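**Student:** Here it is: the structure, laid out below.
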Amino acid sequence: MKTHRNRYTLLHIKILFSVIRKGKINIKKILNWLHCCCAYLLKLEKSAKSPFMLSLELWNECNANCVFCRSKKGEIYDLNSDPMGEKIIKGRMPYEMCVDIIGQLKDHLLIAVLYTNGEPLIYKDLPRVIKYATDHKVATMIASNGILLDEKRGRSLLEVGLDFIKIQLSGFTQDVYSVQIRNGNVGKLKENIRNFARMNKEGGYGTVILIDYILYNYNRHQLPLVRDFCDELGLMLNTRPGNPKGGLEDKEPPLYTGSLPLKMSCDWLWKAMQVNWNGDVLQCCESVVWSGAEVYEKCTIGKTGLLEVWNGPKAVAMRQTMTTKGRGAIPICSGCLRTGMSFKW
């Protein structure tokens, strides 16, 4: 089982050329990115004026109910092993909050990631959010199970300027696909992907499409079929190791057996901002599935200044702790495998 982390070099290059072609990068954004990177390398208490990446949890509900993410009842698994009676509450971010947040950071943002734990296609205002970002020259990306990516939804995303979509396809036949995905029809999913790829090509939209194959022993034999499917459609394919939860614990190897990157400071504290559906400004994407995560600030529409929060006392204190004491001193970071700013795997 592959346990090293994919660097996604080709994907980064394709997205970069796409957003350059669409005029979504300028000197101000590049300089802010460089400042964030230098602040991280030098372990400065304050980063650049703004994060260069924004991650928004629009709605943490999901229609697929994957075994590694949620219980049969749809309850989100809590990464906090000592939750003290708390649980992950579900909710939806108001459209007005989305555009307020993007609007405050737009001049320096390279990309807005419009999902964290939930399925973005169930958020009815997703095309409006993407259009707002596109109109303000902010690149956008989502990851989806693709179940709801019918022709109407797909066209609406393409027309408002979505830059990148990652679609999960972890099996080629229904019996294999449904081991991991409790809800969903793989035949319909493949049809959705075909139609979306066709519309993207015919319309010249330039949306970068990545097919995500979560690899287990039980579905390894169907990887060649998915690879042929992607080759036929001209789509990128990524494989990554699966998380053996929800009944797979005794059937699959552990997700990771190497050492934790405890001596490596986390890039997120210097480079990205995470906002949960309820307006909680958090330290990273894992915080949305960690009950009791520290909140930098509660975002209130039209009142909260996010640039002040970004280099405010709580953000500075978190960077200081990370720099002086390391990940082990921060509960949510002590068991985290993430390095860099790309996908975890």
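**Student:** Pop out the ³J(HN,Hα) list for segment 251-264 in order, Karplus 6.51 cos²θ - 1.76 cosθ + 1.60 with θ = phi - 60°, rounded to Hz; leave Gly and Pro as x.
**Tutor:** Result, ordered by residue: 10, 10, x, x, 4, 8, 10, x, 7, 7, x, 5, 8, 9 Hz.
**Student:** Once neighbouring chains are kept in place and the probe is 1.4 Å, which whole percent of the accessible area of segment 1-141 is contributed by carbon and sulfur?
**Tutor:** Its accessible area is 61 percent carbon and sulfur atoms.
**Student:** Between residue 334 and residue 249, what FRET efficiency comes out of the Förster formula 1/(1 + (r/R0)^6) with R0 = 30 Å and r the beta carbon distance, rounded to 0.05?
**Tutor:** Working: r = 22 Å, r/R0 = 0.72.
Taking R0 as 30 Å, the efficiency between residue 249 and residue 334 is 0.85.
**Student:** How far apart, in nm, are two points set 7 Å out from the Cα along the Cα-to-Cβ line at residue 202 and at residue 217?
**Tutor:** Going from the residue 202 label point to the residue 217 one covers 4.5 nm.
**Student:** In Å, the Kirkwood hydrodynamic radius of segment 200-345 over pairs of distinct alpha carbons?
**Tutor:** This gives a value of 18.4 Å.
**Student:** I need the peptides 161-171, 240-250 ranked by packing, meaning the mean over residues of other C-beta atoms within 10 angstrom, with the highest value on top.
**Tutor:** Output ranking for 161-171, 240-250: 161-171, 240-250.
**Student:** Next up: In whole Å, what is the distance between the alpha-carbon centres of segment 194-266 and segment 274-345?
**Tutor:** So the two Cα centres are separated by 27 Å.
**Student:** Follow-up. Express the Stokes-Einstein translational diffusion coefficient of segment 22-72 in µm² s⁻¹, to the nearest whole number, given a Kirkwood radius over alpha-carbon pairs, 4 °C and a viscosity of 1.567 mPa s.
**Tutor:** 91 µm²/s
**Student:** Here's a follow-up. Roughly what % antiparallel, to the nearest 5, for the DSSP beta bridges in segment 197-345?
**Tutor:** 40 percent
**Student:** Could you tell me the center-to-center distance, by alpha carbons, between segment 32-79 and segment 107-177 in angstrom?
**Tutor:** 16 Å
**Student:** A further question on this structure: Tell me the volume per residue, in Å³, of the convex hull enclosing the alpha carbons of segment 78-129.
**Tutor:** On the way: hull volume 6.4 nm³, N = 52.
Looking at segment 78-129, the number lands at 124 Å³ per residue.
**Student:** Can you give me the distance in nm between label points at residue 128 and residue 236, each placed 7 Å from the Cα along the Cα-to-Cβ direction?
**Tutor:** Taking the two extended label points, one gets 3.1 nm.
**Student:** Next question. Please give the peptides 132-140, 91-99 ranked by average Cβ packing (other Cβ atoms within 10 Å per residue), highest first, as a rough proxy for protection.
**Tutor:** 132-140, 91-99
**Student:** With charges set only on the Cβ (+1 for Lys and Arg, -1 for Asp and Glu), what does the dipole of the chain come to about its Cα centre, in debye to the nearest 20?
**Tutor:** About 700 debye.
**Student:** What's log10 of I(q)/I(0) for the chain at q = 0.08, 0.09, 0.13 Å⁻¹, Debye sum over Cα points only, no solvent?
**Tutor:** -0.37, -0.47, -1.06
**Student:** In square angstrom, what is the accessible area per residue of the chain with a 1.4 angstrom probe?
**Tutor:** Values: 15310 Å² over 345 residues.
Here the per-residue accessible area is 44 Å².
**Student:** I've got another one for you. Just the number, please: carbon plus sulfur as a percent of the accessible area of segment 179-286, 1.4 Å probe, no ligands or DNA/RNA counted.
**Tutor:** The computed percentage sits at 49.
**Student:** State the answer as a single residue: which of 66, 98, 79 lies farthest towards the positive end of the charge dipole of segment 41-114, with beta carbon charges of +1 for Lys and Arg and -1 for Asp and Glu, about the Cα centre.
**Tutor:** Of the options given, the answer is 66.
**Student:** Taking 25 Å as R0, compute the FRET efficiency from the Cβ-Cβ separation of residue 49 and residue 320 and round it to 0.05.
**Tutor:** Working: r = 19 Å, r/R0 = 0.77.
E between residue 49 and residue 320, to the nearest 0.05, is 0.85.
**Student:** Kirkwood Rh over alpha-carbon pairs of segment 69-200, then Stokes-Einstein at 37 °C and 0.692 mPa s: what D in µm² s⁻¹, rounded to an integer?
**Tutor:** The estimated diffusion coefficient comes to 199 µm²/s.
**Student:** Sum -39500 (n - 2.57) across every DSSP H segment of at least 4 residues in the chain, then divide by the residue count to get the 222 nm mean residue ellipticity, nearest 500.
**Tutor:** On the way: 12 runs with 121 residues, N = 345.
Calculated mean residue ellipticity at 222 nm is -10500 deg cm²/dmol.
**Student:** Taking the simple approach of a point 7 Å from Cα along Cα-to-Cβ for both residue 153 and residue 34, what is their distance in nm?
**Tutor:** Output for this residue pair reads 4.1 nm.
**Student:** What's the long-distance tail for segment 122-196, i.e. % of Cα pairs beyond 21 Å?
**Tutor:** Taking all Cα-Cα pairs of segment 122-196, the fraction more than 21 Å apart is 31 percent.
The values are calculated or read from the model by the stated rules, or taken from the named source; none is laboratory data. Remember, it's a predicted structure, so these values are computed and weren't measured experimentally. Virtual Cβ from ideal backbone geometry, glycine too; neighbours counted across all protein chains shown. Surface accessibility is based on the protein's heavy atoms, side chains included, excluding ligands, DNA and RNA. Shrake-Rupley method; radii C 1.70, N 1.55, O 1.52, S 1.80 Å.
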